[in-house]
1. Determine the relative contact order of the stretch 92-198: mean sequence separation of Cα pairs under 8 Å and six or more apart, normalised by residue count, in whole percent.
2. Would you work out the charge dipole size for the stretch 121-198 about its Cα centre, treating the Cβ of every Lys and Arg as +1 and the Cβ of every Asp and Glu as -1, and quote it to the nearest 20 debye?
3. Can you quote the Å³ per residue value for the convex hull of the Cα atoms in the stretch 3-85, rounded to an integer?
4. Going by Cα centres, the stretch 1-79 and the stretch 162-198 are how many Å apart?
5. Tell me the relative contact order for the chain as a rounded percent, counting alpha carbon contacts under 8 Å between residues six or more apart.
6. To the nearest 20 debye, what charge dipole does the chain have about its Cα centre, counting +1 at the Cβ of each Lys and Arg and -1 at the Cβ of each Asp and Glu?
7. Mind checking which lysines have their C-alpha under 22 Å from K72, skipping anything on the same chain fewer than 8 residues away?
8. Based on DSSP loop calls and a cut-off of at most 15 other Cβ atoms within 10 Å, the longest stretch of the chain free of exposed GluC sites (Glu not before Pro) is what?
Amino acid sequence: MKEIIMIEINNTLVSLDLAEQFFCCDLDKCLGQCCIEGDAGAPITQEEYDKLIEILPEIEMDLLPASKKEIKENSVGYIDEEGDLVTSIVDGKNCVFTCYAPGGKCLCAIEKAFKKGRTGSFRKPISCYLYPLRLTEYPSFTAVNYHRWKICKSAEINGRNKGIRLYQFMKEPLIDRFGKEWYEELVLACETYLAEKF
């Protein structure tokens with residue numbers, strides 16, 4: 001039998017990590033570090049940048065003073081060293097849209113406003129919604145990969161304990177990005193692969 005390296009669905013190539021890796025976010029353990037660690041903001045499209053400007057009045061009340069200052073001086077996004085448009089950051093790492101719950105848990109001010117019905121259908125930038133998955137766009141296809149990072153170790157342990165695999169945990173954001181039919185094909189491909197391998 002030919003060894004499977006990636007799962008191909010339409011114009012996407014999906015890493016087998018989505019099938020093999022157990023994953024379920026555990027915010028009580030990681031405290032949302034993915035929003036405050038790193039050397040650049042979250043990737044955003046020009047359309048998302050414009051949307052963030054539009055909804056800013058609906059989320060400003062939840063932003064930290066340093067974030068408000070950064071946005072006022074440099075807007076909601078910037079071009080990073082690799083030439084990508086990303087969200088602005090403060091203190092060299094924190095996304096300007098972070099806010100905090102008791103106990104130091106980091107939350108997203110955009111998503112908080114979305115859940116209260118203040119941002120319409122815009123939940124947050126798709127790169128954030130899809131994390132820990134990363135998309136890489138090529139001329140003829142889109143690659144979907146799992147970004148392995150030590151801060152997500154608790155999510156891997158939690159997923160294994162609950163029996164939840166990465167493709168299952170990421171159902172909603174994957175449907176949001178690629179559609180329900182695409183996701184159903186992914187589920188079938190993952191289940192078939194796992195049945196044959198294990």
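Read the figures in this text as sums done on the coordinates, not as results from a lab. Everything quoted here is computed from the prediction, not taken from an experiment. Here the Cβ is made from the backbone with ideal geometry for all residues, glycine too, and neighbour counts use every protein chain on show.
1. Working: 64 pairs, mean separation 13.6, N = 107.
Reported relative contact order: 13 percent.
2. Taking the Cα centre of the stretch 121-198 as origin, the dipole is about 520 debye.
3. Values: hull volume 15.3 nm³, N = 83.
It is 184 Å³ per residue.
4. 20
5. With pairs under 8 Å counted, the relative contact order is 33 percent.
6. Computed about the Cα centre, the dipole is about 820 debye.
7. Result set, ordered by chain and number: K51, K93, K112, K124.
8. 83-198
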